[in-house]
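First the structure, in the form of structure tokens, and then the observations on it.
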């Protein structure tokens with residue numbers, strides 16, 4: 001507190017103290033310049049006024065220095081913050097947005113934005129904006145040399161324009177001018193983003209009012225642009241590193257998968273090779289592959305016949321007893337052969353194909369289809385598993401070729417033996433039936449058993465297929481088959497040649513899809529009888545064709561009296577027994593006279609009246625006896641063909657004892673029926 005004795009401070013002293021307060025407060029410049037006027041108004045002398053004016057000027061210099069320090073401190077803080085962002089770079093977009101926002105704040109502009117060069121398109125495009133409100137401006141693309149930014153990107157030098165709209169130093173385009181007008185920009189500063197000597201983009205600060213950008217502003221924005229370029233380049237390097245790591249991981253996984261595939265392929269190759277060398281068959285290969293792939297496997301040959309069927313559980317129980325009953329359809333494999341379309345696709349590509357939840361692989365030998373593999377229970381296969389499945393197809397093809405070669409060789413040997421057996425004996429040369437019997441035994445054929453011989457006929461174009469099918473049937477029946485004198489012949493153990501011929505005609509006709517006629521004869525008791533049996537079978541075949549029975553099978557006894565005429569060893573007793581046997585047996589058991597009635601009936605020209613006169617019975621008795629004969633022999637006994645057979649049998653019966661005695665003695669005390 002000033003004492004009463006102290007003089008009051010003068011205007012100059014008061015102004016000097018106030019200057020210190022203004023410096024402390026950071027007051028506006030106008031406050032400093034106004035003090036000199038206040039001193040003059042207070043009546044201060046010239047010396048005091050000069051002192052205050054000088055002090056005010058010094059205070060303004062101090063204020064400007066402090067402002068510069070504060071601004072520089074803020075700039076350094078922003079740069080340090082940006083460096084910290086770069087050190088913890090995780091998200092490039094976030095770092096670029098922070099840099100653009102700081103540029104706007106430090107330079108005090110309305111808008112700040114950043115563009116990046118596109119080498120492929122040869123232009124630069126908007127990447128990040130801060131303070132922008134125009135969608136058209138945010139989507140701008142500037143060609144190299146176009147506008148302020150295009151010139152910066154092209155020349156790698158900073159450019160500033162106090163009023164871009166009227167500045168004719170830059171090449172204006174309608175798109176750029178429209179975006180700038182819509183954003184309302186006037187003053188624009190742009191500096192290059194450089195990585196070494198390469199310009200990768202431009203950083204901008206812009207005002208919506210006319211503005212001159214000082215060198216300090218250019219330097220500050222350039223520093224921020226350098227940080228942005230480092231961020232972009234670091235992000236690029238980081239992304240490349242990440243991509244390289246991903247590629248390395250993919251390459252490592254690929255190498256691991258290939259190594260595993262090679263191991264599996266080698267293991268599979270060894271297992272299948274050992275299996276083939278041990279004499280394994282198609283079923284053994286199917287079992288191994290089913291275990292390796294964990295699926296159900298079915299193998300078919302080229303004709304669709306099933307060769308093997310393996311379910312995984314059954315494949316793993318090696319040596320276990322097979323379950324009773326037919327095998328169930330493996331899961332995922334439809335019954336029957338694979339679809340023709342799937343086989344065609346596999347043949348065309350040489351690869352296994354997926355169809356309806358299963359995998360199908362054609363078994364090929366070059367272009368020839370040998371069969372197919374179908375794998376069920378595995379909707380998806382890895383590449384190595386698929387190749388394993390295809391390798392199984394190759395091994396299966398090898399086994400089928402070996403089997404076919406062996407079968408052809410065996411069929412040739414069987415055919416040669418059959419030709420020797422059927423060849424007519426040479427006069428003066430003893431037939432070596434012992435050697436033939438030994439050769440047959442080595443092939444699993446026992447010529448000591450009664451054998452029937454069947455001569456087969458079909459269309460000439462199908463003869464080779466008929467020979468192959470006949471050979472397959474012969475092997476299954478422990479017999480022989482082959483071509484002899486231009487016809488397919490089959491020899492097999494059988495006591496009923498006619499039944500064998502009918503079976504073969506039906507089965508082979510179905511396999512070929514065309515009529516097959518089979519004439520049979522026999523049975524032959526030994527090799528020496530076979531040439532004659534072959535001649536009888538051949539006559540039987542010719543008779544079938546002559547009678548219009550193409551596509552059927554029969555033996556000589558099935559041809560009725562024609563068979564008796566054609567046979568070298570006519571067994572008339574058997575013929576009588578086949579035609580009249582049931583009636584003879586009936587008479588013997590019941591003491592009736594049905595045979596005598598038949599003789600009288602045909603002798604009298606089928607006249608009931610004359611027949612009853614010859615037999616001395618009532619006409620109703622004749623009718624009753626004929627009805628009973630119809631019940632015994634069948635309704636067609638009185639047809640022209642049936643009547644002819646019966647009359648011939650009656651004549652043979654009357655000529656002599658061509659038939660053994662009755663199987664049943666006549667009834668001693670039973671009533672005579674008729």
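Here is a list of conditions, (1) touching a residue at least 24 places away in the same chain (Cβ under 8 Å); (2) closer than 24 Å to residue 226 by Cα, and residue 118 meets all of them except one; can you say which number that is?
(1)
Specify the residue that is surrounded by the most Cβ atoms within 10 Å (Cβ to Cβ); the eligible residues are those in the stretch 608-659 that are at pLDDT 85 or above and outside any helix (DSSP H, G or I).
It comes out as 617.
Among the residues of the stretch 455-468, is there at least one that is touching a helix residue (DSSP H, G or I) at 6+ places or on another chain (Cβ under 7 Å), at pLDDT 90 or above, surrounded by 17 or more Cβ atoms within 10 Å (Cβ to Cβ) and assigned to a loop (DSSP other than H, G, I, E, B)?
yes
Looking at the structure I just gave you, is residue 205 surrounded by 17 or more Cβ atoms within 10 Å (Cβ to Cβ), touching a strand residue (DSSP E or B) at 6+ places or on another chain (Cβ under 6 Å) and not assigned by TED's automatic domain parsing to the domain that holds residue 152?
Taking the combined requirement at face value, the residue does not satisfy it.
With the condition kept exactly as written, say whether any residue in the stretch 181-198 is over 16 Å from residue 129 (Cβ atoms), part of a helix (DSSP H, G or I) and touching a strand residue (DSSP E or B) at 6+ places or on another chain (Cβ under 8 Å).
no
Determine whether residue 109 is under 13 Å from residue 201 (Cβ atoms) and either modelled with pLDDT under 90 or surrounded by 14 or more Cβ atoms within 10 Å (Cβ to Cβ) (or both).
In short, no.
May I ask you to list the residues in the stretch 98-121 that are assigned to a strand (DSSP E or B) and closer than 21 Å to residue 210 by Cα?
Passing the criteria: 111, 112, 113, 114.
Which residue is nearest to the chain's Cα centre (by Cα), if the candidates are limited to the stretch 142-165 and must be part of a strand (DSSP E or B) and closer than 20 Å to residue 207 by Cα?
The selected residue is 142.
The conditions are (1) surrounded by fewer than 22 Cβ atoms within 10 Å (Cβ to Cβ); (2) within 23 Å of residue 303 (Cα to Cα); (3) without any contact (Cβ under 8 Å) to a residue 60 or more places away in the chain, and residue 444 fails exactly one of them. Which is it?
Checking residue 444 against (1) surrounded by fewer than 22 Cβ atoms within 10 Å (Cβ to Cβ); (2) within 23 Å of residue 303 (Cα to Cα); (3) without any contact (Cβ under 8 Å) to a residue 60 or more places away in the chain, the one that fails is (2).
Would you pick out the residues in the stretch 120-146 that are out of contact with any strand residue (DSSP E or B) (no Cβ under 9 Å at 6 or more places or on another chain) and at pLDDT 90 or above?
Selection gives 134, 135, 136.
State yes or no: is residue 234 over 60 Å from the mean Cα position of the chain (by Cα), surrounded by 13 or more Cβ atoms within 10 Å (Cβ to Cβ) and under 20 Å from residue 117 (Cβ atoms)?
In short, no.
Suppose we filter 475, 414 for residues that are farther than 17 Å from residue 533 by Cα, modelled with pLDDT under 90 and in the same structural domain as residue 536 (by TED's automatic domain parsing); which single one remains?
475
Do we have residue 188 as touching a helix residue (DSSP H, G or I) at 6+ places or on another chain (Cβ under 6 Å), without any contact (Cβ under 8 Å) to a residue 40 or more places away in the chain and in the same structural domain as residue 94 (by TED's automatic domain parsing) here?
no
Quick one: count up the residues across the stretch 294-306 that are in a strand (DSSP E or B) and surrounded by fewer than 20 Cβ atoms within 10 Å (Cβ to Cβ).
2
Looking at 59, 55, 88 in this structure, which one is modelled with pLDDT under 75 and either farther than 30 Å from residue 185 by Cα or outside the structural domain of residue 219 (by TED's automatic domain parsing) (or both)?
88
Quick check on this structure: which one of 250, 246, 230, 291 is under 30 Å from residue 306 (Cβ atoms) and part of a helix (DSSP H, G or I)?
The match here is 291.
Could you please let me know if residue 124 is crowded, with 20+ Cβ neighbours inside 10 Å and part of a strand (DSSP E or B)?
Against the criterion (crowded, with 20+ Cβ neighbours inside 10 Å and part of a strand (DSSP E or B)), residue 124 qualifies.
The values are calculated or read from the model by the stated rules, or taken from the named source; none is laboratory data. Fair warning: this is a prediction, and the values are worked out from it, not measured in the lab. Heads up, the Cβs are rebuilt from the backbone with ideal geometry, glycines too, and the neighbour counts pull from every protein chain shown.
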